[in-house]
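Chemist: Okay, handing you the structure first.
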Amino acid sequence: MTGNQTMTYRTIKNALFCATVALLGATGCSTELDDGDYQVFRVAFESEKADAGCYVDGEIPESIREDTTTLKSGGTFIMYVTEQGDVFLDTGSMVLLGEKEGDTGYQFEGEVVDVEVPPGRTILDADHDGIEDADDLAIDADMDGLDDYNTDLEGFPLDDFVDVDGDGLDDRNQDDIVDANMDGEDDRYVDLPAPYKLRTVRDYRVEITMNGDVVLGETRSTIRNTCEGAECPEAFQASTCTVQNEFQGVLIEDAQVDVALGAPTGEPSAP
Ligand SMILES: [Ca+2]
Ligand SMILES: [Ca+2]
Ligand SMILES: [Ca+2]
Ligand SMILES: [Ca+2]
């Protein structure tokens, strides 16, 4: 299927089940879902609440702290159970795996971990042994077993010719650029990774409580930034930002849902 095609499905099974339950005098639908079942909810979100950790210096600015709105934003959740009994929630921007929580609730969670190793120093290391040549007592860039810089007892070079890139120019004193792999970069210089890692962990969580045909719940996304290693930059500050949002909604019976099919787009946003 192409990215522009749409998939349509109906919650007829659920609607029939709800109708049967209603005829029997019970209130609303069961929250019990079997393999292959799905339910569609239309929900109204409150405005997002970001905690102080989401702001510079860990303080909610005066210009934001007292803002209020009574407007809601709308969303559609699709909950379904696959063959293995796994319960999924499609929020429209991501799909989370969940589990039943008590008699009437479900809890869905997901985590994205992003580790970055920033570029570090560039060193001159002609023989790529990891030792900067200024500190390297035995350099043998052309790997002929003869030291490129030391001399014998009579003062003659141990290696009379070093030409890693085969351009006829001695790499030590005649060659402006040694580029055996032809990428335009001098092979004698090596980029070292920074001696630390930056880790960003995004946790997403959605809780849904079902009560008959109505649902209540909360979405929560937390982003934690940490630095690992002995040489983290002094300016780096670990941070934790949590954004929370409550919602309420209804079960859409006999819903017809159009879902755009396409490749996942970039990094997920909050549910
Ligand atoms: Ca070296
Ligand atoms: Ca050599
Ligand atoms: Ca050369
Ligand atoms: Ca090169």
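The values are calculated or read from the model by the stated rules, or taken from the named source; none is laboratory data. Computed from a predicted structure; not experimentally measured. A quick note on method: Cβ atoms are made from the backbone with ideal geometry, for glycine too, and the neighbour counts reach across all protein chains shown.
Chemist: Among the candidates GLY98, GLY85, GLY110, single out the residue that is away from ligand 4 (no atom under 16 Å from the Cβ) and modelled with pLDDT under 95.
Modeler: On the way: GLY98 fails: modelled with pLDDT under 95; GLY110 fails: modelled with pLDDT under 95.
Of GLY98, GLY85, GLY110, the one residue that is away from ligand 4 (no atom under 16 Å from the Cβ) and modelled with pLDDT under 95 is GLY85.
Chemist: Could you look through the stretch 115-131, keep only residues that are part of a strand (DSSP E or B) and among the hydrophobic types (A, V, I, L, M, F, W, C), and pick out the one that is nearest to ligand 2 (Cβ to nearest atom)?
Modeler: Looking at residues that are part of a strand (DSSP E or B) and among the hydrophobic types (A, V, I, L, M, F, W, C), I get LEU124.
Chemist: Check LEU97 against each of (1) outside the structural domain of ASP163 (by TED's automatic domain parsing); (2) buried (at least 16 other Cβ atoms within 10 Å of the Cβ); (3) in contact with an Asp or Glu (Cβ under 9 Å, 6 or more places away or on another chain) and name the one condition it does not meet.
Modeler: (2)
Chemist: Inspect all residues belonging to the stretch 197-220 and state whether any of them is among the aliphatic types (A, V, I, L, M) and out of contact with any strand residue (DSSP E or B) (no Cβ under 9 Å at 6 or more places or on another chain).
Modeler: Keep residues of the stretch 197-220 that are among the aliphatic types (A, V, I, L, M), which gives 198, 201, 206, 208, 210, 214-216.
Still in the list and also out of contact with any strand residue (DSSP E or B) (no Cβ under 9 Å at 6 or more places or on another chain): none.
No, that holds for no residue.
Chemist: Please find, within the stretch 136-195, the residue that is surrounded by the most Cβ atoms within 10 Å (Cβ to Cβ) out of those that are within 10 Å of ligand 2 (Cβ to nearest atom) and either of a type in the set (Phe, Trp, Tyr) or not assigned by TED's automatic domain parsing to the domain that holds ASP125 (or both).
Modeler: Here the residue is TYR149.
Chemist: Only residues that are of a type outside the set (Ser, Thr, Tyr), outside any strand (DSSP E or B) and within 28 Å of the chain's Cα centre (by Cα): list them for the stretch 187-216, please.
Modeler: Step one: filter the stretch 187-216 for residues of a type outside the set (Ser, Thr, Tyr), giving 187-188, 190-195, 197-199, 201-203, 205-208, 210-216.
Subset that is outside any strand (DSSP E or B): 187-188, 194-195, 212-213.
Listed by number, the residues that qualify are ALA194, PRO195.
Chemist: Restricting the first residue to the stretch 133-151 and requiring it to be more than 21 Å from ALA180 (Cα to Cα) and part of a loop (DSSP other than H, G, I, E, B), which pairs with a second residue that is within 15 Å of ligand 3 (Cβ to nearest atom) and not basic (Lys, Arg) meet a Cβ separation below 8 Å and a spacing of at least six or different chains?
Modeler: ASP136/ASP127
Chemist: What's the number of the condition THR219 fails, among (1) assigned to a loop (DSSP other than H, G, I, E, B); (2) more than 16 Å from ligand 1 (Cβ to nearest atom); (3) of a type outside the set (Gly, Ala, Ser)?
Modeler: Looking at each condition in turn, THR219 falls short on (1).
Chemist: Which condition breaks for PRO119 when tested against (1) surrounded by 12 or more Cβ atoms within 10 Å (Cβ to Cβ); (2) away from ligand 1 (no atom under 16 Å from the Cβ)?
Modeler: Going through the list (1) surrounded by 12 or more Cβ atoms within 10 Å (Cβ to Cβ); (2) away from ligand 1 (no atom under 16 Å from the Cβ), PRO119 breaks only (1).
Chemist: Contact list please: Cβ distance under 7 Å, first residue in the stretch 93-118 and over 29 Å from ALA194 (Cα atoms), second residue hydroxyl-bearing (Ser, Thr, Tyr) and in a loop (DSSP other than H, G, I, E, B), pairs at least six apart or on different chains.
Modeler: The qualifying pairs are SER93/SER269; THR104/THR31.
Chemist: So, one more: Test each condition in (1) modelled with pLDDT of 95 or more; (2) surrounded by fewer than 18 Cβ atoms within 10 Å (Cβ to Cβ); (3) assigned to a loop (DSSP other than H, G, I, E, B) for GLN244 and report the one that comes out false.
Modeler: (3) is the only condition that GLN244 fails.
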